[in-house]
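A.B. asks: Questions regarding the structure given below will be posed in turn.
What follows draws every value from the coordinates through simple rules; no lab data is involved. Since the structure is predicted, the reported quantities are computational estimates derived from the model, not experimental observations. Virtual Cβ from ideal backbone geometry, glycine too; neighbours counted across all protein chains shown.
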Amino acid sequence: MGELIAILLGTGFIVWCIGEGIVRIIKVSKGGSGAHGKKMSELEADFADLEEELMDARKRIEVLEAIVTDGRQDLRRQIDELADNREAAS
C-alpha cells in the first residue's frame, strides 16, 4: 500500500513538472511575460530606433553626395572658364 502511494505521488509530481514546462514554453512562444517579454519589447524598441537613425543617416548621405557632386561640377566649370580666359588673354 505504501509503495502504491509513493508511485502515485511520484507520477503526479512528474506530470505536474511536465505540465509546468509546457505552460512556460507556451508563454514564451506567445511573447512571454515578465522579464522575457519586457526584454523582447525593449529590443524591438531599440531596433525601431536604430532603423530610424539609419534612414536619417541615408538621407544625410544623399544630401552630402548631392553637394559634393554639384560642387565638383561647379569647380570643373570654373576651372574650364579660367583656362578659356587664359587662352583668350594669350
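A.B. asks: Which angle from 0 to 90°, rounded to the nearest 10, does the C-alpha axis of helix 2-29 make with the longest principal axis of the chain?
C.D. replies: Helix 2-29 and the main axis of the chain meet at about 20 degrees.
A.B. asks: Report the FRET efficiency, 1/(1 + (r/R0)^6), for residue 45 and residue 24, where r is their Cβ-Cβ distance and R0 is 35 Å, rounded to 0.05.
C.D. replies: 0.90
A.B. asks: Which ordering of 55, 40 is given by a fewest-first count of other beta-carbon atoms within 10 Å?
C.D. replies: Exposure proxy ranking, most exposed first: 55, 40.
A.B. asks: Against the longest alpha carbon principal axis of the chain, how many degrees, from 0 to 90 and to the nearest 10, is the axis of helix 35-89 turned?
C.D. replies: Relative to the chain, helix 35-89 is tipped by roughly 10 degrees.
A.B. asks: Still on this structure: Among 53, 42, 20, which one shows the biggest mean-square fluctuation in a GNM of the chain, springs joining Cα atoms closer than 10 Å?
C.D. replies: Its mean-square fluctuation being the largest, the pick is 20.
A.B. asks: Mind sorting 23, 28 by how few other Cβ atoms lie within 10 Å of their own Cβ, fewest first?
C.D. replies: The fewest-first ordering by Cβ neighbours comes to 23, 28.
A.B. asks: For the charge dipole of the chain, defined by +1 on Lys and Arg C-beta atoms and -1 on Asp and Glu C-beta atoms about the Cα centroid, which residue among 68, 18, 6 has the Cα displaced farthest towards the positive pole?
C.D. replies: Among 68, 18, 6, the one farthest towards the positive end of the dipole of the chain is 6.
A.B. asks: Taking the Cα centre of the chain as origin, sum charge times position over the Cβ atoms of Lys and Arg (+1) and Asp and Glu (-1), and report the length of that vector in debye to the nearest 20. Let's see the in-between values first.
C.D. replies: Details: 12 positive and 18 negative charges, 124 e Å.
In debye, rounded to 20, the chain gives about 600.
A.B. asks: For residue 55 and residue 81, FRET efficiency with R0 = 41 Å and r from the beta-carbon atoms, rounded to 0.05?
C.D. replies: The calculated FRET efficiency here is 0.55.
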